[in-house]
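Down below is the structure, laid out as structure tokens.
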Amino acid sequence: MIIKRIRYNPRRKAGNIGERPGAVIIPDDAVKPLISIFSYNAKELISSEGKDIKIILDQFNKCTDHTHWIQVRGLGDASLIEEIGSILTINPLVLEDIANIHQRPKFDEYDNYVFAVSRMIYFSKDYELTNYQFSALVKDNIIITFEETHEENFKAVKNRLAVGKGAIRTAGAGYMCYALTDTILDCYFVLLAQLGDSLDAVEDHLYSNANKSIMYETQQLKRTLIVLRRSCWPERDKINDMLRTESPLITKEVKIFLKDAYDHCIQIMDLIESYKEITSSIMDIYLSMVSNRMNEIMKVLTIISAIFIPLTFIAGVYGMNFSRIDPVTNKVMPDNLPELYNPHGYFYALGGMFLIGIIQVIIFWKKGWFNKL
């Protein structure tokens, strides 16, 4: 698996600097919301879908003895968020955090409701790493969740609601908050499994046929792990705050399940740190292999140079054009290259150079210079 890129959410415009606290500002490319409401108790499940707040109010009036999960997918309507805040008397700062999609995972307590934020991180079909915000408001028998896209990320939870087994229909809105958080953590495990497979493939590539792509792929995997780590660490703190809260919305029964989610979060953190060490090791091994390869090349070049240095010296000596006989006086100069006019000097020189080269090769071989070239 090759990660194409990491998709980040659009950031706020620079013109919003200094905006009043509690302002709900929606990015220009935010998708329009789709609203789903699930009203359930031990006996039945009633669900509705639409694009208007009226479906929420209508189902509230019909199902007075139910727990309600309102799922808002898409944040492209500031008036909807403000209207929900007005109906449930939610602090404007909370509404601002819902619209500002760059919150770190956290858990905030208020007088009669709690607010939780998580990061949804997964690979798209095109192997792009997406990092979206998930927000949840829990009040009395109501939980309202806000997601940035229309992607269906909680199909398993809806299936559990439809089947009606376990505590999901009877444990209240706090349990639904746990169930959604635990589903997000399960997505982290899936993501880490994919990253683990990618690391194995990179390691196999490293040992079989290492090239520059090793470095690029490893760096991309490391970036992905860093993004995941930045979400997982505060997620652990968030779950810990949920375990320590005295809010009646998070019951003792829910806290038992939250302990299991906390353990999952610790496992995810351990996997992230282990994979980060593996990526660092792969980079170190690759750089060491490149360095060793360069050393081997330099070793070969050094041996070749060492062999040809004395041969070049001999060729240079006999390449000097000092005349043996003075062309003017015809006087013989005995100190100027006496071998120059030897009838077999050329072959003698070649033989001497060949002999010197052979002797050097034998010496280098006995010293072990040719091992693993």
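The values are calculated or read from the model by the stated rules, or taken from the named source; none is laboratory data. The structure presented is a predicted model; accordingly, all values stated were derived computationally and were not measured. Cβ atoms come from the backbone with ideal geometry, glycine included; neighbour counts cover every protein chain shown.
Overview of results
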item	result
Among the residues listed as 197, 237, 260, the single one being modelled with pLDDT under 90, assigned by TED's automatic domain parsing to the domain that holds residue 44 and either closer than 18 Å to residue 134 by Cα or among the charged types (D, E, K, R) (or both)	197
Residue 317 vs. criteria of a type outside the set (S, T, N, Q), modelled with pLDDT under 85, over 60 Å from the mean Cα position of the chain (by Cα) and not in a helix (DSSP H, G or I)	no
Filtered residue count, the stretch 95-143, keeping only those that are under 16 Å from the mean Cα position of the chain (by Cα) and not basic (Lys, Arg)	12
Exclusive hit being over 30 Å from residue 226 (Cα atoms), hydroxyl-bearing (Ser, Thr, Tyr), modelled with pLDDT of 80 or more and under 34 Å from the mean Cα position of the chain (by Cα), set 47, 36	36
Those residues of the stretch 116-139 which are surrounded by fewer than 21 Cβ atoms within 10 Å (Cβ to Cβ) and closer than 25 Å to residue 20 by Cβ, in sequence order	139
Counted residues, the stretch 50-82 - those being modelled with pLDDT of 85 or more, surrounded by 15 or more Cβ atoms within 10 Å (Cβ to Cβ) and farther than 20 Å from residue 117 by Cβ	3
Selection count where residues are closer than 18 Å to residue 48 by Cα and of a type in the set (Val, Ile, Thr), scope the stretch 144-172	4
Which listed residue, of 273, 296, 246, is at pLDDT below 85 and charged (D, E, K, R)	296
Residue list for the stretch 56-79, restricted to those being out of contact with any Pro (no Cβ under 6 Å at 6 or more places or on another chain) and among the hydrophobic types (A, V, I, L, M, F, W, C)	56, 57, 60, 63, 69, 70, 75, 78
Looking only at the stretch 239-265, and only at residues there that are surrounded by 13 or more Cβ atoms within 10 Å (Cβ to Cβ) and among the β-branched types (Val, Ile, Thr), the one that is farthest from residue 110 (Cα to Cα)	254
